[in-house]
Amino acid sequence: MKSFSGLLEGLLYAPGRNSKLSWLQDWLAETPDPDRGWGLAALTGELTFAHVKAGLVRELAAAASDPELFALSYDFVGDLAETTALIWPEPAELAPPPRLAAIVEALQQANRQQAAELISGWLGSMDATQRWALLKLATGGLRVGVSGRLARLSVATAFDRDIAEIEEIWPLLEPPYRALFDWLEGRSDRPDARGRAVFRPLMLAHPLSEEAAEQLDMTRYQTEWKWDGARVELAAAEDGVRLFSRSGDDITAAFPEIVPPAGWQGTLDGELLAGQPDAVASFGRLQQRLNRKKAGRKLQADNPVFLRVYDLLIEGETDWREKPLSARRARLEQLAGSWLPDGRLDLSEVLAVATPQELDELRAACRSDQLIEGMMLKLKDSPYLAGRPKGHWWKWKRDPLRADLVIMYAQRGHGRRSSLYSDFTLGAWRDGADGPELVPVAKAYSGFSDQELRALDKFVRQNIVNRFGPVREVEKQLVAELAFDSVQRSSRHRSGVALRFPRFHAVRWDKPAEEADWLPTIEALIGD
Amino acid sequence: MDSSWLRPAAAGLEILPARAFIDPLRPVDLAIITHAHADHARPGHKQVIATAQTLAIMAARLGPDFAETKTVLDYGESLMLGDLRLGMAPAGHILGSAQIIMDYNDTRIIAAGDYKRAADPTCQPFQPVPCDIFITEATFGLPVFRQPDPLAEIARLLALRARFQGRAILVAAYALGKAQRLIALLRQAGWDETIYLHGAMLGPCRIYQEFGVDLGDLQPVTTDRKSLPADQLAGQFVLAPPSALGSRWARRLPDPVSCMASGWMQVRARARQSGIECPLVISDHADWPDLLATLDEVRPRQVWVTHGREDALLHACKQRGLDARALRLIGYEEDSA
Ligand SMILES: [Zn+2]
C-alpha cells in the first residue's frame, strides 16, 4: 500500500503523459504480483467495490470527527476522501500498512458493515497519504489521469512489446492480470483470444497529400468511399456477439440490432451508418443513436442503423489478418450473399479507379455528397495490421478542412450559456522537447447541439486540472472534430497557424486523444 | 478586564492610548510592526517600532529612509507609550517576527501576528506568554491542516533528487523566511553542497547571514544576465519565488522538477492547480493542532481571531469554553503560508 500511495501521488502531480508513463513503468517493474495488477485495475477504473460508496466514507468521517469541523473542512477541501484522510486522527504509532492485494481481496469479500470496519481499522494505522490512497481506492475515484490506453501502453513499454499485442488480449484478461504478466515474464504462453468475441485493434489510414496521390499506382489499390459514420468492429464467437467502438469500448447495448447472420462467427471491420443500405441518413441521425447507451425497440425502429462492412479480420478458426486484402475482399464478397435479407449488414462498394484522373473525378463527385467523407485507398497486398502502419492505407477527405483536435481549455459562455462551459480552446499534437505535446490551434464555441453542450459542460467540470482566472484547463483526453473555412499562417498564435471560422462538427467521445491530428497535418491545409 | 482601548479600525488594529496601529495597512504616525512580510510592514509611516531584524529587513526592502524615526524594541525589552507598556516576544514566524505585548489598565493583550510552533533553525522559537486577550491568526484554522515534520518533507525532497537524476530541483518558496528556512533545513538534513538562488532570494539571504544565521554556500543562478551552464545545475537545488515557476528564467534550468513549499500544499486539489510536480507541506504558520496547543498554553480569557479560516477556530474555542470573536481583518495576504 505504501508504494501504491506513492504511485498515486506521483501520477497525480506528474506534469505530462511521459512522466505518468515513467511512474507506471517503475511501478510495474518494482511491484510483485498480484499487487501490480490490482493497482493497474484500480487506476483504470476496472476495480470497484459494491459496498464502498461515498455514504460509507461520510459515516466513518462523522464517527471520527466533530460534525461542524468536518463540514467546514469538507467545504474548504472539496473532496470527501481527501477531507476524511486529512481529518482522521493521526495514529499513535504507524504500523506497516497491509499489501494492496490484501486490501483489495478483503474488500471484495466484505459486506457493508465489514467493509466499514476494515477501512476504519486500516485508517487507524496509516499516514495521511496512505489514508488518502486507501479511500480513493475503496471508493473507486482515483482520477489521476490514467486512461485504459495509457495503462496498456505502460505495460507494453515496461516489457518492450508492441501495444497492439497487449490491446488484442486485454479483453481476455481480468484483474489482477496474472495471465498477462505470466506471459510477459515468460512463465506461460500468450493468452489466446480464439473463440472469444473480443476487440481486435483496427487498421487505420494516413492522410493522402496531393503529391502522394499523383505518385500512386492506382492498379495496386482498392478504392472505397469513406463513409461519414462511426467506425466499429463486430465480433461474434462462442461467447456471444459484441460491437466495439474504434477504441475498443463495448457498445453492443446501444446497437443490439447489429448482428451477423445466425451461426456465423468472426470479426468484421466496418462503418456504422444511420438509415438503410439504399437510403443512408445523415451523421446527425447517427449521432442521436451514439448519444444513447441503450436502444429499445422503438428507437431501433424510429432511427435504424446498419453496418457497412469494410474488412474481414477473423472467420471461425481462421485469422484472415495475415492474408492480403485481395483475399479478404474475395471472401467478404462470397459472405455478403447471405447478408442481404436482414438489411443490417452490407458490403462497402469497391470503386473502379485505374488512374489518378479517375480518382480526381470521383473526388469531385463526392464533394457534392454530404454522406461521404472522402475516399480510402488500400494496398491490395497488405495484411490487416493493427494501428496506423505506414504505406498501406491512405485516406483522402472530401472536406479537407476538418481536424480532430483535443480540448485543452474551456470557459463559460455569455448570456443564455453563462452557466455552461461553452467556449473551448483545442489543440493539435507536435513534437516537443519531452515527447508529443499539444499546442492550441483554435477556439470554438458553436456547432454542437444543446445536448452535446451539456455533455461537454459535464466533461469540463469533471476534468478540471488548473484554473487561470475564468479559464479552466482540462484533462487532455477529449477529441472534437472541428470544421473550418481555411487555415492561415499567424505569428500571433503559438502554433503558427490560425483557423478561420472554426466550429464543432462532432464530439469524438470514442477517439483517444493520442489519435488527434498533428500540427503538420493542419499546416498542410494552409492556403487551401 | 478592559479591552476597550484596542479596536480593529480601517488602518488595522488601533491602540487608542498610544495612538498607534499594529501592522497598519496605510501610512500612520506610529506603527508597531510584527514582522517584515510585505503585507504587514508597509511603507510611509512616520515612526516605526519593531525588532532590530524587522527594521533591517524593512530598510533593505523599502530603502533606508522608510520612516522618520525607527525605534528598536527587542525581545524581552519594553518601553512606555504614555501609560501603556509595550513589549516584544518571539513569534517563530520568520527572522525578527514578534508578538506585541500590551499592558494597560490592568489588562494584558497580546497580538501574536503571524506565528508558528514548528522547528525553524533560522529564527527564535515562539514564546508563550500568559495574557488576558490573545489575538491570533487562523491561516490554517481547519483540522485538515496538520503539517508533517519539516525534516520528513526535506527527506522527500532529497529522495526526489535521487529519482530525477540529471534534472534541477527547483523549489518555489516565499523569498523572505521560507527560503532561508528551507536552506537551513537542507543543511540540517546533511546537504552541504552549494544551493543555487534566484535573484529575488539574494537580498533576504544576505540579511539572515548578517544576523548570524548559517546558510552555507549560496550562489546566484544568474549574474550580469548570464546564467550558469545547465550541466552545473543538474542534480542541484535551486530556490526561486513562486512567480518564477514556468517562467522564461526557469526554462534555462536543466529540465527542472518544480516543487513548492507551502502549507497550502496539504490540499491536493490546490497543489495540483499550481501545476507543480512535488508539493512540500512546509509552512511558517501554525497548523491546527499548534493553534489549539498555543491557546492551551497562553490560557487567555478571550481569543480574538484576525484573519484566516476563523469559523472552525471559533467553534473549537467554544468547545473549550473560551470566549472568542472574529475581527475579520482584511488586507493580510496568505502568500507566505
Ligand atoms: Zn507573515
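A few comments on the model shown:
- Residues that are without any contact (Cβ under 8 Å) to a residue 40 or more places away in the chain and of a type in the set (A, V, I, L, M) within the range B:156-180 comprise B:LEU158, B:ALA159, B:ALA162, listed in sequence order.
- Pair list, Cβ under 6 Å, 6 or more apart: the range A:232-250 residue surrounded by fewer than 18 Cβ atoms within 10 Å (Cβ to Cβ), other residue among the aliphatic types (A, V, I, L, M): A:ASP239/A:ALA197; A:GLY240/A:ALA197; A:VAL241/A:VAL259
- Pick from the range A:13-27, criterion in contact with a Gly (Cβ under 8 Å, 6 or more places away or on another chain) and assigned to a helix (DSSP H, G or I), ranking: nearest to the other protein chains (Cβ to nearest Cβ): A:TRP23
Residue-by-condition table, conditions (1) over 20 Å from A:SER19 (Cβ atoms); (2) within 16 Å of the ligand (Cβ to nearest atom):
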residue	(1), (2)
B:VAL257	no, no
B:GLY263	yes, yes
B:SER283	yes, yes
B:ALA286	yes, yes
B:PRO300	yes, no
B:LEU322	yes, no
B:LEU329	yes, yes
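- Lone qualifier among A:GLU117, A:GLU167 - being out of contact with any Ser or Thr (no Cβ under 7 Å at 6 or more places or on another chain) and within 20 Å of A:THR48 (Cα to Cα): A:GLU117
- So A:ARG112, is it under 18 Å from A:ALA63 (Cα atoms), surrounded by fewer than 22 Cβ atoms within 10 Å (Cβ to Cβ) and away from chain B (no Cβ under 14 Å): yes
- In the range B:169-193, residue farthest from the ligand (Cβ to nearest atom) [restricted to those that are assigned to a helix (DSSP H, G or I) and under 19 Å from B:PRO242 (Cβ atoms)]: B:LEU186
- Residue-level check: of (1) under 30 Å from A:THR355 (Cβ atoms); (2) out of contact with any Phe, Trp or Tyr (no Cβ under 6 Å at 6 or more places or on another chain); (3) not hydrophobic (A, V, I, L, M, F, W, C), A:GLY270 misses just (2).
Yes/no matrix, rows are residues, columns are (1) at pLDDT 90 or above; (2) more than 21 Å from A:ASP510 (Cα to Cα):
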position: A:ARG417; (1), (2): no, yes
position: A:GLY427; (1), (2): yes, no
position: A:GLY432; (1), (2): no, yes
position: A:LYS458; (1), (2): yes, no
position: A:GLN462; (1), (2): no, no
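- Hits in the range B:228-261 - residues which are away from every other protein chain (no Cβ under 14 Å) and in contact with a Phe, Trp or Tyr (Cβ under 8 Å, 6 or more places away or on another chain): B:LEU228, B:LEU233, B:GLN236, B:PHE237, B:VAL238, B:LEU239, B:ALA240, B:PRO241, B:PRO242
- Only one of the listed residues (B:THR107, B:THR139) is within 14 Å of the ligand (Cβ to nearest atom), polar (S, T, N, Q) and either surrounded by fewer than 24 Cβ atoms within 10 Å (Cβ to Cβ) or within 14 Å of another protein chain (Cβ to nearest Cβ) (or both). That residue is B:THR139.
- A:PHE448 under 17 Å from the mean Cα position of the chain (by Cα), on the phi < 0 side of the Ramachandran plot and outside any strand (DSSP E or B): no
- Residue in the range B:66-73 that is surrounded by fewer than 16 Cβ atoms within 10 Å (Cβ to Cβ) and part of a loop (DSSP other than H, G, I, E, B) present: yes
- So B:LEU239, is it part of a helix (DSSP H, G or I) and either among the β-branched types (Val, Ile, Thr) or under 22 Å from the mean Cα position of the chain (by Cα) (or both): no
- Within the range B:61-103, the residues that satisfy the criterion of being touching a helix residue (DSSP H, G or I) at 6+ places or on another chain (Cβ under 9 Å), among the hydrophobic types (A, V, I, L, M, F, W, C) and within 16 Å of the ligand (Cβ to nearest atom) are B:ILE94, B:LEU95, B:ALA98.
- All conditions in (1) within 14 Å of chain A (Cβ to nearest Cβ); (2) away from the ligand (no atom under 16 Å from the Cβ); (3) polar (S, T, N, Q) hold for B:THR223, with the sole exception of (1).
- Considering the range B:254-336, the qualifying helices (runs of 4 or more DSSP H), each wholly inside and each with 1 or more residues that are of a type in the set (D, E, K, R), in contact with a Lys or Arg (Cβ under 6 Å, 6 or more places away or on another chain) and at pLDDT 95 or above, run over B:288-298.
- Just one of the listed residues (B:ALA91, B:ALA50) is under 27 Å from B:ALA324 (Cα atoms), of a type in the set (A, V, I, L, M) and assigned by TED's automatic domain parsing to the domain that holds B:THR139, and it is B:ALA91.
- B:TRP264, sole failed condition from (1) among the aromatic types (Phe, Trp, Tyr); (2) more than 22 Å from B:ASP120 (Cα to Cα); (3) within 12 Å of chain A (Cβ to nearest Cβ): (2)
- Residues of the range B:11-31 satisfying the condition of being part of a strand (DSSP E or B), crowded, with 20+ Cβ neighbours inside 10 Å and away from the ligand (no atom under 16 Å from the Cβ): B:ILE15, B:ALA20, B:PHE21
- Of the residues making up the range A:286-340, those that are of a type in the set (Lys, Arg), in contact (Cβ under 8 Å) with a residue 24 or more places away in the chain and not in a strand (DSSP E or B) number 8.
- Being of a type in the set (Lys, Arg) and surrounded by fewer than 16 Cβ atoms within 10 Å (Cβ to Cβ) holds for only one residue in B:ARG309, B:ARG268, B:ARG251, B:ARG272, and it is B:ARG251.
- Hey, A:GLY266 in contact (Cβ under 8 Å) with a residue 12 or more places away in the chain and more than 18 Å from A:LEU172 (Cβ to Cβ) or not: no
- Checking A:PHE283 against (1) farther than 30 Å from A:GLY45 by Cα; (2) within 25 Å of the chain's Cα centre (by Cα); (3) without any contact (Cβ under 8 Å) to a residue 60 or more places away in the chain, the condition it does not meet: (3)
Residue-by-condition table, conditions (1) assigned to a strand (DSSP E or B); (2) loosely packed, with under 15 Cβ neighbours inside 10 Å; (3) in contact with a Cys (Cβ under 6 Å, 6 or more places away or on another chain):
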| residue | (1), (2), (3) |
| --- | --- |
| A:ARG416 | no, yes, no |
| A:LEU426 | yes, no, no |
| A:VAL439 | yes, no, no |
| A:GLU452 | no, no, no |
| A:ARG472 | yes, no, no |
| A:LEU482 | yes, no, no |
| A:ARG492 | no, yes, no |
| A:ALA506 | yes, no, no |
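- Under the condition of being surrounded by 24 or more Cβ atoms within 10 Å (Cβ to Cβ) and part of a strand (DSSP E or B), the residues counted in the range B:32-47 number 1.
- Restricting A:GLU30, A:GLU93 to residues that are of a type outside the set (Ser, Thr, Tyr), more than 14 Å from every other protein chain (Cβ to nearest Cβ) and surrounded by fewer than 19 Cβ atoms within 10 Å (Cβ to Cβ) narrows the list to A:GLU93.
The values are calculated or read from the model by the stated rules, or taken from the named source; none is laboratory data. On a predicted model such as this, the values are computed, not experimentally measured, just so you know. FYI the Cβ positions are ideal-geometry reconstructions off the backbone, even for glycines, and counts take in every protein chain you see.
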